[in-house]
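Participant: I have a structure I would like to understand better, so I am pasting it below and will then ask my questions one at a time.
The values are calculated or read from the model by the stated rules, or taken from the named source; none is laboratory data. All of these numbers come straight from a predicted model, not from anything done at the bench. With ideal geometry, Cβ positions are generated from the backbone for all residues, glycine too; neighbour counts draw on all protein chains shown.
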Amino acid sequence: MNDKPEHIKKKEETLNFLNKIKNLPMIPKVIFNVTKMLEDPTMSTYALSSEIGKDQGLTAKVLSIANSPMYGLQRKVTSLEFAIVVLGYKEMSDIVTAISLADTMKVTTDKYFNQEEFWLHSLVVGTASKNISHNLGHLDIGSDAFVAGILHDIGIQIIHKFLHPKFIEIIELVKKENMFLLDAELNVLGLTHQDIGGYLAVKWNLPETLISPISYHHQPANAQTYKTITAIVHLADYMAQFHKMGSFNYGPELTLDESIIETLKFSNIEELGEFILNYKDLYSQTIASVRL
Ligand SMILES: [Fe+2]
Ligand SMILES: [Fe+2]
């Protein structure tokens, strides 16, 4: 009776391990400071930009997002103060939140993981998710889609940071056996980076609108709730690979989950295919703008 299948045992071991991590990063303080300031309509853009400007890394990232063609601003934004004027407080708050959460999990680049490429991939998928939401008429979910897109692969960083020997095992399986990343993760951990990212999102008390796309971005058909935003992040992630931009995909190619045709109300696969092709220039311009 004790003979549980191997993958269940591995899953329990991984969950036990994650539960025991005492220093799992908490939501960073800068989010509280900045979002509080952003909620105060009397706050001057100068005071705000000085607060954000204390963090140079954050500043550089805010500007690269605001200036990425995918984000869709018409004007070039060269200072934080101007960025706040152009974006408004709400969008600025979304951007700062997304970047700061992503940054808490930052790891150092090694031969198995390139932090810069990873950030680029996150930025592209985040801005594309927002762009696609607007393009498909879902104006209400654009900002959540942006944050979800930035955070969708955060589970990969958690594995690298806290389960490093397992991360190496996974990457070796992908490279040597040409295994799909998700299969290799299941093989080694009994869980995927989607499950692990979702686990952190729950710990962080993030809303279900973010938990769902983080947990199901490779198989949006499995999402029980918030199917639209999950389908959008899936599509943005798939397109990043399709257009060979900001590629952070180990192993064989990602597969397109065709259930999104119905979820996103495309008439057929051809129409979806055309939609994907129409994004080619925007993806390449975005990558070029960030790499400058
Ligand atoms: Fe992923
Ligand atoms: Fe991804």
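Participant: Going through segment 162-182 one residue at a time, which ones are farther than 17 Å from Lys9 by Cβ, of a type outside the set (A, V, I, L, M, F, W, C) and either within 15 Å of ligand 2 (Cβ to nearest atom) or not in a loop (DSSP other than H, G, I, E, B) (or both)?
Facilitator: His164, Pro165, Glu172, Lys175, Lys176, Glu177
Participant: Another question about this same structure. Kindly indicate which of Ile150, Ile158 is β-branched (Val, Ile, Thr), assigned to a helix (DSSP H, G or I), more than 13 Å from ligand 2 (Cβ to nearest atom) and assigned by TED's automatic domain parsing to the domain that holds Pro207. Break it down stepwise before answering.
Facilitator: Numbers: Ile150 fails: more than 13 Å from ligand 2 (Cβ to nearest atom).
Within the list Ile150, Ile158, the selection yields Ile158.
Participant: Give segment 34-84 a look and list any residue that's in contact (Cβ under 8 Å) with a residue 60 or more places away in the chain and more than 14 Å from Val96 (Cβ to Cβ), or say none.
Facilitator: Asn67, Ser68, Pro69, Met70, Tyr71, Gly72
Participant: For Glu185, which of the numbered conditions (1) in contact (Cβ under 8 Å) with a residue 40 or more places away in the chain; (2) part of a helix (DSSP H, G or I); (3) under 21 Å from Ile8 (Cα atoms) fails to hold?
Facilitator: Answer for Glu185: the failing condition is (1).
Participant: Can you pull out every residue in segment 70-92 that is over 27 Å from Lys280 (Cα atoms) and of a type in the set (D, E, K, R)?
Facilitator: Selection gives Glu81, Lys90.
Participant: Given segment 1-118, what helices (runs of 4 or more DSSP H) lie entirely inside it while holding 2 or more residues that are within 22 Å of Asp140 (Cα to Cα) and in contact with an Asp or Glu (Cβ under 8 Å, 6 or more places away or on another chain)? Don't jump to the end; show me each part of the working.
Facilitator: Values: elements: 6-20, 29-39, 45-53, 56-66, 80-104.
Because the criterion is at least 2 residues that are within 22 Å of Asp140 (Cα to Cα) and in contact with an Asp or Glu (Cβ under 8 Å, 6 or more places away or on another chain), the helices (runs of 4 or more DSSP H) in segment 1-118 that meet it are 80-104.
Participant: In segment 221-292, which helices (runs of 4 or more DSSP H) lie fully inside it and hold 1 or more residues that are within 20 Å of the chain's Cα centre (by Cα) and modelled with pLDDT of 95 or more? Break it down stepwise before answering.
Facilitator: Details: elements: 227-242, 259-263, 269-277, 280-291.
The qualifying helices (runs of 4 or more DSSP H) are 227-242, 259-263, 269-277.
Participant: Another one. Would you confirm whether any residue within segment 251-267 is within 16 Å of ligand 2 (Cβ to nearest atom) and within 26 Å of Gly72 (Cα to Cα)?
Facilitator: yes
Participant: Further, regarding this structure: Please go through segment 119-141 and give me each residue that is surrounded by fewer than 20 Cβ atoms within 10 Å (Cβ to Cβ) and either outside any helix (DSSP H, G or I) or within 12 Å of ligand 2 (Cβ to nearest atom) (or both), ordered by number.
Facilitator: Once the filter is applied, which keeps residues that are surrounded by fewer than 20 Cβ atoms within 10 Å (Cβ to Cβ) and either outside any helix (DSSP H, G or I) or within 12 Å of ligand 2 (Cβ to nearest atom) (or both), segment 119-141 yields Leu136, Gly137, His138.
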